1. Just to check I understand the Karplus step: with θ = phi - 60° and J = 6.51 cos²θ - 1.76 cosθ + 1.60, what whole-Hz values come out for the stretch 67-77, glycine and proline as x?
2. Ranked highest first by average number of other Cβ atoms within 10 Å, how do 14-23, 210-219 line up?
3. Among the lysines, which fall within straight-line cross-link reach of K377, defined as a Cα-Cα distance under 28 Å, with same-chain neighbours fewer than 8 residues apart omitted?
4. Output the peptides 144-154, 279-289, 334-344, 370-380 sorted from most to least packed, where packing is the average of other Cβ atoms within 10 Å over each peptide's residues.
5. I need the GluC sites (Glu not before Pro) found in the stretch 341-417, filtered to DSSP loop residues with at most 12 other beta carbons within 10 Å of theirs.
6. Report the extension gain between K315 and N201 in nm, rounded to one decimal, defined as 0.36 nm multiplied by the number of residues separating them, less their alpha carbon distance.
7. Excluding residues fewer than 8 places away in the same chain, name every one of the aspartates and glutamates whose C-alpha is closer than 12 Å to that of K379.
8. Show which lysines lie in cross-link reach of K138 when reach means a straight Cα distance below 30 angstrom and same-chain residues fewer than eight apart are skipped.
Amino acid sequence: MSNQGCDFKPLADAATDILLKINKQGNVILANQNAHILGLNEYADSLTQLLPESKFPDFYRLCKQSIELQTPEIGHFRIGDRLYQTHFHPKLTDCIVCLRDITEPAEISSELKQVSSRLNFAENIAQLGYWEFDWRHKRIYWSAQMYKIFGLNPQTVHYKRNIFKDYVYPNDLPQYWENLKKLIRHRQPVEGQLRIRRADNTLIYCAYKASIMQDKIAGTFQDITQFIKIQQELEKAKFSAEKANRDKSYFLAQASHDLRQPMQALNIFIATLFEEGLSSRQHEILSKIETSAHNLNNLLNNLLDISKLESGGIKYEPQEFNIGQLIKNISHEYSELASCKHIKFHALVHNGEVYSDPILIERIIRNLLSNAFKYAKSKIVLGCKRQQDYIRIMVLDNGPGISDDDKSKIFDEFYQSPQITDNRKHGAGLGLTIVSKIATVIDTKIEITTIPGRGCCFSFLLPLLKF
């Protein structure tokens, strides 16, 4: 190594980068202490072993070019697992080479570019714009998607322009500013919706959120126009469906008398025919007609009752009454029916005063009993018992029970469980639907307890009067 450039050595050793002085032939004239990082000592004569020209042709090309043209050059070279930014500075017949390790900064820069790319992709997919306001330095940042939401070209927007005032719907702007004031006062996140009249004059809906982030206010805008349009269409469809349903229910409720009158006349004619001298065959046919008329009458009554419930035609008129007496009256009637069907019927009575609608309560009990007679094998129990400040009314049967699948369907209109045998299928599956709707009117809930293969219990609570 020549003693040439001794003035270079102290300065070179003080540097944090790797510094080399190289001649045209690629020989190292001088190196600083950091050269050992590359595997060189400060007295190494050549780089050819470490950086063979066959693998690093650009390194030697730039070095020679810098010396020959006397112009600085720059390049990037990966040596081992490290990346170096390399500067070539010509000095007449040699060249000072500065190698700066930029491995970590380059990796961070690459990761930041990937993150930025992902964020841009996410913003575009979600139509989500991001903004910041640095109140300390009075600086505003808008992402590209923010400008896109407003239909603006960022290159043509003056930085002092009040975009919100120009494009946010005037009726929505005061509430937006008020929310931002609340954010600054209470330092709690805010959110809302507003309308924007874009640069192309189209109206869009945006959801916004804003929060405090260190010395900045940061927020997002998201174009939710399609969501709002779908929501509006669904609301229109719902309104139309509800109106059609109300109109249907109102018609049936108003036509109740006109629909029931022919059925009443039919029952009178059937009763009159039974008094005539009929042959056994005619009597058999008339009995079938009577059964069909009875089923039709029950179906009609159920349909009309449902229409009244849906249209508000059935009113809740509560009063004080003795629940035990009501249970007794119903049990006397159903005892005869149970005897005819060879079913053991038992009533458990508790004499308690309740405040509810006795007519609606009786209708619930009758429908539950009718349902029990469809399923019961040999036993039905109607009863009531005290439960703290309530009376629980129960209808139990020893039928096949209710499956988990049926539990979610039995209160649906026209649903009949496949467990009912053919000879017991009467009606159209509206009895429990009516029970459920009446329970809602009187502010109670029908509860079901069942054991597959052993039966089930329907029950509901009524509040006891306190004296």
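1. These are the phi-based 3J(HN,Hα) values: 5, 5, 8, 6, 10, x, 10, 9, x, 10, 9 Hz.
2. Details: 14-23: 18.2, 210-219: 15.1.
Packing proxy ranking, top to bottom: 14-23, 210-219.
3. K288, K328, K341, K344, K385, K407, K409, K425, K437, K445
4. Working: 144-154: 17.5, 279-289: 11.0, 334-344: 13.4, 370-380: 19.4.
Going by the mean number of other Cβ atoms within 10 Å, highest first, we get 370-380, 144-154, 334-344, 279-289.
5. Numbers: sites: E353, E362, E413; in loops: E413.
Nothing satisfies the criteria.
6. On the way: separation 114, 0.36 × 114 = 41.04 nm, distance 5.27 nm.
Roughly 35.8 nm would be gained on extension.
7. Within the straight-line cut-off, K379 pairs with D397.
8. Partners found: K113, K148, K160, K165, K181, K182, K209, K216.
The values are calculated or read from the model by the stated rules, or taken from the named source; none is laboratory data. As the structure is a computational prediction, the values presented were derived from the model and not from experiment. Backbone-built Cβ (ideal geometry, glycine too); neighbour counts: all protein chains shown. Quick note on the areas: whole protein, heavy atoms, side chains included, nothing else; ligands and nucleic acids left out. Shrake-Rupley method; radii C 1.70, N 1.55, O 1.52, S 1.80 Å.
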